[in-house]
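Okay, handing you the structure first.
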Amino acid sequence: MHVNWKHVAVVLAILPFAVVLGAWIGFFNVGASSGHWKITDWFLHFAMRSAVRTYALAVEVPPELPHHAVQTAAGHFARGCALCHGAPGEPRSPAVLRMLPQPPDLAERVNTWSDAELFRIVKHGVRFTGMPAWPSEQREDEAWAMVAFLRRLPALGVEGYRDLAYGPAGALIDRPTTFQQALAECTRCHGVDGRGRSTATPVIAGQNETYLLQSLGAYAEDRRASGVMNVVAKIVDRRHWQGLAAHFAALPPPPGRPGTATELVEAGRKLATEGNPSRRIPACLVCHASRDRNPVFPSLAGQPAPYVEQQLRLFREGRRGGTGYGHLMREVARTLSDNEIVALAAYFATAESRPARSIAIRSGRESR
């Protein structure tokens with residue numbers, strides 16, 4: 001069959017103008033009441049899955065998913081994801097079922113995606129749908145924690161999910177208005193005792209009130225990156241911040257764990273107490289353990305090792321800070337090796353916490 005390429009060229013030249021004209025006169029029905037044609041629905045899902053598969057090829061999957069952070073991810077899932085995707089014992093609402101495209105029940109669909117593909121979707125979202133990107137592009141560790149949670153989701157029963165997502169709070173208040181509701185929002189991840197419900201969550205019991213208050217401000221204003229805490233800090237009414245900070249500051253910090261002096265812990269203790277002058281690494285305890293320390297410097301004693309490790313890596317990568325003193329920690333962490341980070345985390349996890357003496361400041365400078 002002879003092809004008249006001149007005619008083909010004319011058609012191709014006219015086609016864009018015809019499409020624009022059709023859009024301008026309103027030919028295309030954008031209403032969602034009738035849904036897509038089957039072929040349109042197939043093509044859109046085909047294009048989406050193909051794009052996710054292709055971009056996931058560039059994702060570096062960690063050797064092991066961060067299962068220690070599943071509880072924190074579950075807490076965020078309840079706040080930001082379950083509304084559309086449902087959860088064990090919490091089916092999707094009729095309004096969500098009318099969305100186009102309809103958000104899937106993840107417990108049924110999660111196993112059709114690889115870890116890299118799930119990470120790609122969680123971190124970047126899906127354009128032309130209601131699926132947003134992760135609230136903080138800098139926190140890939142949190143996105144991987146969500147992947148770990150999603151892997152566990154299909155096997156979770158109602159009670160198992162509610163324990164992970166709500167803990168002692170027992171439920172989720174859409175918009176906390178009273179102090180008790182705001183406190184319940186905090187205890188979902190930090191626990192009633194303020195010591196954290198997972199090793200990915202920091203101990204805030206016994207921390208200085210000023211540090212806690214300014215940390216909330218840094219999260220709410222996106223000066224400190226966290227897809228989890230940025231959302232929570234904006235939801236909780238600011239008039240309750242002072243009371244929340246005072247409440248957790250008054251709780252007893254966790255005791256140290258003596259008798260665990262290993263070679264790794266000893267290496268961390270030496271670096272924390274003496275530093276390394278030849279590499280311009282100061283002793284950590286000068287700022288983080290002195291009873292007269294600046295009140296916006298947190299106590300690290302008793303903090304979970306995985307949490308300390310992650311924060312030091314974020315500082316080293318320049319992904320944490322944006323506050324009045326963050327640049328100091330970024331400079332210190334920049335020269336720390338992986339082994340030194342692990343050793344410091346192991347030491348502080350076993351160290352005895354000594355609450356800092358309260359020092360009121362009005363400088364407005366933010367926490368690390």
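Mind checking whether some residue in the range 92-115 is open to solvent by less than 70 Å² (accessible area, probe 1.4 Å), in a helix (DSSP H, G or I) and of a type in the set (Asp, Glu)?
Checking the range 92-115: at least one residue is open to solvent by less than 70 Å² (accessible area, probe 1.4 Å), in a helix (DSSP H, G or I) and of a type in the set (Asp, Glu).
Suppose we keep only residues that are free of Cβ contacts under 8 Å to residues at least 24 places away in the same chain and in contact with a Lys or Arg (Cβ under 7 Å, 6 or more places away or on another chain) within the range 106-161. Which one would you say is farthest from THR72 (Cα to Cα)?
Top of the filtered list is ALA133.
Continuing with the same structure: From the list VAL70, VAL59, VAL52, which one is within 25 Å of TRP144 (Cα to Cα), modelled with pLDDT of 90 or more and outside any helix (DSSP H, G or I)?
Result: VAL59 is the single residue among VAL70, VAL59, VAL52 that is within 25 Å of TRP144 (Cα to Cα), modelled with pLDDT of 90 or more and outside any helix (DSSP H, G or I).
Residues that are of a type outside the set (Ser, Thr, Tyr) and modelled with pLDDT under 95: does the range 177-193 have at least one?
No, the range 177-193 has no match at all.
Separate question: Being open to solvent by less than 50 Å² (accessible area, probe 1.4 Å), among the small types (Gly, Ala, Ser) and assigned to a loop (DSSP other than H, G, I, E, B) is the filter here; which residues of the range 306-335 pass it?
Within the range 306-335, GLY318, GLY321, GLY324 meet the criteria.
For residues that are surrounded by 10 or more Cβ atoms within 10 Å (Cβ to Cβ) and either part of a loop (DSSP other than H, G, I, E, B) or at positive phi (or both), tally how many sit in the range 29-49.
At the first step, the residues of the range 29-49 found to be surrounded by 10 or more Cβ atoms within 10 Å (Cβ to Cβ) are 32, 35-36, 40-49.
Pick out the ones that are also either part of a loop (DSSP other than H, G, I, E, B) or at positive phi (or both) and you get 32, 35-36.
The total comes to 3.
Right, something else. Does ALA18 satisfy being open to solvent by less than 80 Å² (accessible area, probe 1.4 Å), over 44 Å from the mean Cα position of the chain (by Cα) and over 30 Å from THR112 (Cα atoms)? Spell out how you get there, then give the answer.
Details: open to solvent by less than 80 Å² (accessible area, probe 1.4 Å): yes; over 44 Å from the mean Cα position of the chain (by Cα): yes; over 30 Å from THR112 (Cα atoms): yes.
Criteria met by ALA18.
Starting from residues that are open to solvent by less than 20 Å² (accessible area, probe 1.4 Å) and assigned to a helix (DSSP H, G or I), keep the ones in the range 336-345 and report whichever is nearest to PRO254 (Cα to Cα).
Among those residues, the one meeting the criterion is ALA345.
Could you check the range 265-289 and list, in sequence order, the residues that are touching a residue at least 24 places away in the same chain (Cβ under 8 Å), part of a helix (DSSP H, G or I), within 15 Å of SER337 (Cβ to Cβ) and open to solvent by 40 Å² or more (accessible area, probe 1.4 Å)?
Scanning the range 265-289 gives ALA267, ARG279.
For the range 73-91, which residues satisfy the criterion of being charged (D, E, K, R) and not in a helix (DSSP H, G or I)?
Residue satisfying the conditions is GLU90 alone.
Ok, one more. So for the range 52-60 (the condition being surrounded by 10 or more Cβ atoms within 10 Å (Cβ to Cβ), of a type outside the set (A, V, I, L, M, F, W, C) and closer than 30 Å to CYS189 by Cβ), does at least one residue qualify?
Quick first cut of the range 52-60, residues surrounded by 10 or more Cβ atoms within 10 Å (Cβ to Cβ) only: 52-56, 59.
Those still in the list that are of a type outside the set (A, V, I, L, M, F, W, C) too: 53-55.
With closer than 30 Å to CYS189 by Cβ added as a condition, the list becomes none.
Checked the range 52-60: no residue is surrounded by 10 or more Cβ atoms within 10 Å (Cβ to Cβ), of a type outside the set (A, V, I, L, M, F, W, C) and closer than 30 Å to CYS189 by Cβ.
For the range 131-170, give me the residue count where each residue is within 20 Å of ASN230 (Cα to Cα) and open to solvent by 50 Å² or more (accessible area, probe 1.4 Å).
The qualifying residues number 6.
Out of the residues in the range 178-221 meeting the condition of being in a loop (DSSP other than H, G, I, E, B), farther than 20 Å from ALA250 by Cβ and in contact (Cβ under 8 Å) with a residue 12 or more places away in the chain, tell me which one is most open to solvent (accessible area, probe 1.4 Å).
Ranking the candidates gives THR199 first.
The values are calculated or read from the model by the stated rules, or taken from the named source; none is laboratory data. Nothing here was measured: the structure is a model prediction, and the numbers come from that model. Positions of Cβ are backbone-derived with ideal geometry, glycine not excepted, and every protein chain shown enters the neighbour counts. In case anyone asks, the SASA skips ligands and DNA or RNA and just uses the protein heavy atoms, side chains included. Shrake-Rupley method; radii C 1.70, N 1.55, O 1.52, S 1.80 Å.
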